[in-house]
Each structure stands twice: as C-alpha cells, then as structure tokens.
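What follows is a set of notes on a single structure, which appears directly below.
The values are calculated or read from the model by the stated rules, or taken from the named source; none is laboratory data. Since the structure is predicted, the reported quantities are computational estimates derived from the model, not experimental observations. Quick note on the areas: whole protein, heavy atoms, side chains included, nothing else; ligands and nucleic acids left out. Shrake-Rupley method; radii C 1.70, N 1.55, O 1.52, S 1.80 Å.
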Amino acid sequence: MNTSLEMHGVKRLNDLPRDEFIKVMLELCHLPVEDWAIDVDRQRPFSDFEDLIEKARSSVTALSDANVVAAHVGLRRLGSRHDGFTGRRLRWAKQESALMDRDDEALQALNEAQDAYEAKFGHVFLISATGLTNDEMVAALRARLANSPEAECDAAREELRKLVAIRLTRLVEELEDPEAALTEA
C-alpha cells in the first residue's frame, strides 16, 4: 500500500466516534463478537496500517473459546449463495470465494464434509477461504475433524486472525478514497 493513502484510511477509522467504530468493526470484519470490537477500539489511535492489523489480530488471539464459538453466529456454509448480500459485503464475499468450484460433485463433497463438522462441533466451519479451492477446503475440514473442541477453537481463532487481516486490508484500501462510504447498502 502507498503509505500516504494508507494513512488516510487508518485516519478515517481513528476519527470515528466509538459507537460507529465498533459497528464498523462488527459489520465489515464479519466478526460478530462485541468484546473483540471493544478491545480493538480501546487500542486506538492506530499509528499506521500495520499497527491496526497487529492490534486487531492480537484482540482475536485474546478471545475466549466462548467468543470464538460466538464468532460463528450468522456465518453461512461454504458454497452457499450470497443471497441478501449487497455492496461491500457482496464484493468481498465474491472475492473470498472466487476459486470455489460450483459444480455439483465439488459442492457435494464440500457439503458432506461440512455436515460431519457441524455434527461434531455444533456450528458451521470457519476458514479463511480466500485463495482456496474446494479440494483445499475439504482437506482442511477433514483434518480439523480430528481436533478436540479446544484445538478446534485454536484453529478457528487462527482463521479469524487471517480473516480480520484480509478484511481490514480491504476496508483501509477502500477508505483511501475520501469519497468512499464506511457503510454501504
């Protein structure tokens, strides 16, 4: 990122009122854990982009296992359609699933692995799917099925750290444009 432009996006986040900042973090990072957003807010102002990412990732690391499980609320299964998504959320969802194969056989293997995961852990599978193929996601699902609940929380926490970094990077890049809205329909 260009440093001067990067700082414009970070400055816009630093300048938000507390309630609006928390709302933006919850909605745009798709991490519905208020404790996380509050913790990131407490660490403002961010000196630069790297500081923002490090603090947001560190706040994910500090999440309790209960909050990691809560982060799954509202998530859709891998391979599901983006119905109801608009604006920034739709653009980002399409980018994150760009390598996904939508043919029936690939989706069936993915759904079967997700069924087994959900039966064991009681929630949808969470992975940073950006750049992953169906085969890679199925392999990750199968590997993580061997996890204990505690180990799976640790694995999900690491995926949340990846997702937060990806989504905050996209947000800051978009906010480099002074006309870019923080929220979109």
For this session: Pop out the ³J(HN,Hα) list for the range 10-26 in order, Karplus 6.51 cos²θ - 1.76 cosθ + 1.60 with θ = phi - 60°, rounded to Hz; leave Gly and Pro as x.
Result: 5, 4, 4, 5, 4, 7, 5, x, 3, 4, 5, 4, 4, 4, 4, 4, 5
For this session: With a 1.4 Å probe and all protein chains in place, put Val69, Val172 in order of accessible area, largest first.
Result: Val69, Val172
For this session: Report ³J(HN,Hα) in whole Hz for each residue of the range 33-46, in order, from the Karplus equation J = 6.51 cos²θ - 1.76 cosθ + 1.60 where θ = phi - 60°; Gly and Pro get x.
Result: 10, 4, 4, 5, 4, 5, 5, 5, 4, 4, 8, 6, x, 8
Seminar exercise, completed: Using alpha carbon centers only, the range 151-169 is separated from the range 102-143 by a whole-angstrom value of 16
For this session: Would you please classify the overall shape of the range 107-150 from the alpha carbon gyration tensor, given that a ≥ b ≥ c denote the square roots of the eigenvalues, rounded means a/c under 1.5, and beyond that prolate means a/b larger than b/c while oblate covers the rest?
Result: prolate
